[in-house]
1. In the list VAL81, VAL58, which residue meets the criterion of being farther than 19 Å from ASP222 by Cα, of a type in the set (A, V, I, L, M, F, W, C) and touching a Phe, Trp or Tyr at 6+ places or on another chain (Cβ under 9 Å)?
2. Tally up the residues in region 191-232 that are open to solvent by less than 60 Å² (accessible area, probe 1.4 Å) and at pLDDT below 90, please.
3. How many residues does region 89-112 hold that are within 15 Å of the ligand (Cβ to nearest atom) and in contact (Cβ under 8 Å) with a residue 60 or more places away in the chain?
4. What tally of residues in region 143-184 results from selecting those that are within 19 Å of PRO226 (Cα to Cα) and away from the ligand (no atom under 13 Å from the Cβ)?
5. Restrict the check to region 114-125 and report whether at least one residue is within 14 Å of the ligand (Cβ to nearest atom) and of a type outside the set (Lys, Arg).
6. Please specify each residue of region 163-190 satisfying the condition of being open to solvent by 70 Å² or more (accessible area, probe 1.4 Å) and hydrophobic (A, V, I, L, M, F, W, C).
7. Say whether the condition of being loosely packed, with under 15 Cβ neighbours inside 10 Å, under 30 Å from ALA124 (Cα atoms) and touching a residue at least 24 places away in the same chain (Cβ under 8 Å) is met by at least one residue in region 12-24.
8. Across region 91-139, which residue is most open to solvent (accessible area, probe 1.4 Å) among those that are over 30 Å from LEU221 (Cβ atoms) and outside any loop (DSSP other than H, G, I, E, B)?
Amino acid sequence: AVRRDLLGRELLITAGGTREDLDPVRFLANHSSGKQGWALAHAALVRGARVRLAAANVDLETPPGAQRLDVGSAAELAELVAEHRGQVDALVMAAAVADFTAADRADSKIKKDDGDEDSVPAIALRRTQDILRHSVLDRAERGGARPAIVGFAAETGGEGGSALDLARAKARRKGADLLVFNDITGGVFGAADNSVRVLDREGEEVSHTSGSKTAVAHAVLDELLPHLPEVP
Ligand code: C5P
């Protein structure tokens, strides 16, 4: 039976991966397909929500009923989220947002030096805005509980610790209501299935789901419910 437990609710879901132009032909991107964000949008719609779907370079058909808002770069996504987050009950940041962008985008194609086979261009990068962190701080400044905020963390682990340890630290640092941790050591990009642990803002695990991206989406929405602002 379908639970219509999001009836009357409005969600902003970000999906896909941003692209940062280096010059007119090249960009920095990532492997995000948008499938998990899409699954979240589908699941939320089935449960009765209205969905604004911020899509960063996603090559998938728009879920029927969703309001699709296309963006390219991290800066465009930041602007869109800033514009919409005050109008929704929840912000679900499933998009893979670039952490770095070109310090100065070249107006013409960066050329290789044909006279020197060993030369490579140095491409200067700068940090992008952490949209999730920014949204948490913006909500705190307004002093409200709206919107509920869900972040995602794809970790491989490494010198900083195990993937789970890194995600727990991130949950505490970002301050979102929930952080969905995805262990990508085995590779999930573009896959139909996923395995996630939902962490609270203290980094404690509140649920663990392995299965289709649809199953994961419903598990995330289940955990989101108690964090939704009270209906006025
Ligand atoms: O720090 P990290 O990139 O691992 O955090 C992942 C989470 O933060 C995701 O929810 C992603 O959408 C969000 N994020 C963001 N702005 C960035 C980088 C990541 O909102 N510049």
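The values are calculated or read from the model by the stated rules, or taken from the named source; none is laboratory data. Computed from a predicted structure; not experimentally measured. Please note: Cβ atoms are built from the backbone with ideal geometry, for glycine as well, and neighbour counts cover all protein chains shown. Surface areas here come from the heavy atoms of the whole protein model, side chains and all, with no ligands, DNA or RNA. Shrake-Rupley method; radii C 1.70, N 1.55, O 1.52, S 1.80 Å.
1. Being farther than 19 Å from ASP222 by Cα, of a type in the set (A, V, I, L, M, F, W, C) and touching a Phe, Trp or Tyr at 6+ places or on another chain (Cβ under 9 Å) holds for just one of VAL81, VAL58, which is VAL58.
2. Total meeting the criteria: 3.
3. Summing the residues that are within 15 Å of the ligand (Cβ to nearest atom) and in contact (Cβ under 8 Å) with a residue 60 or more places away in the chain in region 89-112 gives 12.
4. 6
5. yes
6. PHE189
7. yes
8. Result: ARG127.
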